[in-house]
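Below is one structure, written out as structure tokens; comments come after it.
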Amino acid sequence: MNINHLSGLATSLAARGLLKLDKLQQITSAAASEQKALVSYLVENNFISSLELAKFCEAEYGIPLLDSESLELDDIPEKFINIKLIEKHHALPIYVQHKTLYIAMSDPTNVSALEDFGFSFSMHTEALLVEETKLNKAIEGLLDDGTSALDDMGNIDDIEVDESDSRLDESQSVDDDAPIVKYINGVLIDAVKKGASDLHFEPYEKKYRIRFRVDGILHEVATPPVNLANRFSARLKVMSKLDIAERRLPQDGRIKLKISNKRNIDLRVSTLPTMWGEKIVMRILDSSAASLDIDKLGYTDEQKTKYMNALAKPQGMILITGPTGSGKTVSLYTGLNILNTVERNISTAEDPVEINLTGINQVQINTKAGLTFASALRSFLRQDPDIVMVGEIRDLETAEIGIKAAQTGHLVLSTLHTNSAAETLTRLLNMGVPAFNIASSVSLIIAQRLARRLCNECKVPLEMSDIELSAIGFTEEQVTRKNNLFKPVGCDKCTDGYKGRVGIYEVMQMSDELGRIILSDGNAMQIADAAVSEGMYTLRQSAIMQALNGVTSLNEVTRIT
């Protein structure tokens, strides 16, 4: 090997006399045989110190040397973290400025790293020098950190999908369609990484669209070629164990993904025939991402106390209401988690089981096999229960069995789809449940929504007039605190100025007065007025309080209430 065959860095080291040519030739060959970067091999084997090599590169190539003690991983833009590129090039994107992505490197002659990062993110790239030891420490920290971009999920190729017993038409097999498989795996990883709750795969006449629902809002993330629509749907249906030959009728299935040794994720899949192909929607059921800490859900101290008091009762019914995606399941599981002790027998009937809790007997409803909420609830009552949870009261039969259980010494938790706490009582009446049964069995109703949390990194103060605030529902006292209001901006660490969600609650505790209104055939408005006079915060008032605490924005207040 002569000097012309050495790498750019090795050539410079030889030309400046830091290492002899024959020694560098041996080092380069040894590094190649061990599949290590030259810089890493030089420093690890003490041929040159990390700092000495960095200062040489700074002087030789005129590239600035970062003098920070260590790289701050929290400051790295998450969307620019690509584990495969980082490991391949031993380089780390650290920040964006003036539409340029700056890459921390210990070998400034590694032009292919700049090209690969630039191509992947469609950005201009520039190198910044970092000592090899510090760069190595930062990359190892990123790979070991559970909050890294892949969130302990490994590489795209490492996803394991349980495809046993898939009903696959051999003439349309997609098992060997590697690019489609890899693309779909990448989309699923990206969805989990971004905290999406749902994925939408949507075919149109001249466009194919993929959207994620993040913090309750849909965002378009990709528009692959429309001619791939059938291959996408076939692959997703194979993963879901559905019949890929059936394109005329809706189908429902599930996917079990093993993302890593520590993390498994279930997805609930629904297909729907449309004009231009099958729309597929996937709900991510990620139990590891759910927080069951009641102090983190957004309850005020008074609301939390009411919920805890209802959970402490030996009998009665607790109902949690709201539209799909309003966080009812997490509120239910939080209560069950509090009640889950060795002294209690707890059974749940769910469709689907979204979070697995050790110590609780969870039953997956299977309507086709005859296992309904009502039949499961009947079985629970023969199993010596203390607490039962019914995923949803959908009909009079389930409601009557639940109320009977609440009247005979059991604590019952369930959900309904109503817009407010007061409307829950009238909904039960409309189902046909006698008023006296409702008044004597229901102990607490929680209506809830989820509001997006403002990003603490970029939110800015909001200015609004007193008249505008009063029109939204601010009291005179709340108007005086308007300096605490903020609005979203948007930055690298959030989505449109928001990051995460917080619960907004309307907690209505049953009282003698509310019971009298129900028995006298009162309407939802009368029930709500009486509850407010007894101290209940409406959804709008609860949302305003969260806005005044700087947690959410007024746009969210008006959007969800």
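The values are calculated or read from the model by the stated rules, or taken from the named source; none is laboratory data. It should be emphasised that the depicted structure is a prediction, and the values quoted were computed from it without experimental measurement. We place every Cβ from the backbone using ideal geometry, glycine too, and count neighbours over all the protein chains shown. These accessible areas exclude ligands, DNA and RNA; they are computed on the full protein's heavy atoms, side chains included. Shrake-Rupley method; radii C 1.70, N 1.55, O 1.52, S 1.80 Å.
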Practice task
Kindly check whether there is at least one residue in region 242-257 that is under 24 Å from GLY186 (Cβ atoms), of a type in the set (D, E, K, R), at pLDDT below 90 and touching an Asp or Glu at 6+ places or on another chain (Cβ under 7 Å).
Solution key: yes
Handout entry: Test: residue in region 438-447 that is at pLDDT 95 or above, within 20 Å of THR552 (Cβ to Cβ) and open to solvent by less than 30 Å² (accessible area, probe 1.4 Å)
Key = yes
Exercise for the section: Please find, among ASP466, ASP492, the residue that is without any contact (Cβ under 8 Å) to a residue 24 or more places away in the chain and over 25 Å from GLU534 (Cβ atoms). Expected result: ASP466
Exercise for the section: Can you confirm whether region 498-508 contains a residue that is in a loop (DSSP other than H, G, I, E, B) and either open to solvent by less than 80 Å² (accessible area, probe 1.4 Å) or touching a residue at least 12 places away in the same chain (Cβ under 8 Å) (or both)? Expected result: no
Fill in the blank from the handout: Restricted to region 419-437 and to residues being hydrophobic (A, V, I, L, M, F, W, C) and assigned to a helix (DSSP H, G or I), the residue most open to solvent (accessible area, probe 1.4 Å) is PHE436
Exercise for the section: Check off (1) open to solvent by 40 Å² or more (accessible area, probe 1.4 Å); (2) touching a Leu at 6+ places or on another chain (Cβ under 9 Å) for ASN45 and give me the number that stays unchecked. Expected result: (2)
Handout entry: Residue in region 540-549 that is among the aliphatic types (A, V, I, L, M), part of a helix (DSSP H, G or I) and under 17 Å from SER326 (Cα atoms) present
Key = yes
Practice task
Could you please find all residues in region 414-436 being polar (S, T, N, Q), touching a helix residue (DSSP H, G or I) at 6+ places or on another chain (Cβ under 7 Å) and within 27 Å of GLN362 (Cβ to Cβ)?
Solution key: SER414, THR415, THR418
Practice task
Find the residue count for region 484-497, including only residues that are in a strand (DSSP E or B) and open to solvent by less than 60 Å² (accessible area, probe 1.4 Å).
Solution key: 2
Fill in the blank from the handout: Of the listed residues (ILE280, ILE320), the one being more than 23 Å from VAL390 (Cβ to Cβ), buried (at least 20 other Cβ atoms within 10 Å of the Cβ) and of a type in the set (A, V, I, L, M, F, W, C) is ILE280
Fill in the blank from the handout: Within region 377-412, of all residues that are buried (at least 17 other Cβ atoms within 10 Å of the Cβ) and among the small types (Gly, Ala, Ser), the one nearest to TYR333 (Cα to Cα) is GLY391
Completion exercise
Across region 454-469, the tally of residues that are surrounded by 13 or more Cβ atoms within 10 Å (Cβ to Cβ) and under 13 Å from ASN484 (Cβ atoms) stands at 5
Handout entry: Within region 21-34, tally of residues that are surrounded by fewer than 12 Cβ atoms within 10 Å (Cβ to Cβ) and either of a type in the set (Ser, Thr, Tyr) or under 18 Å from SER50 (Cα atoms) (or both)
Key = 2
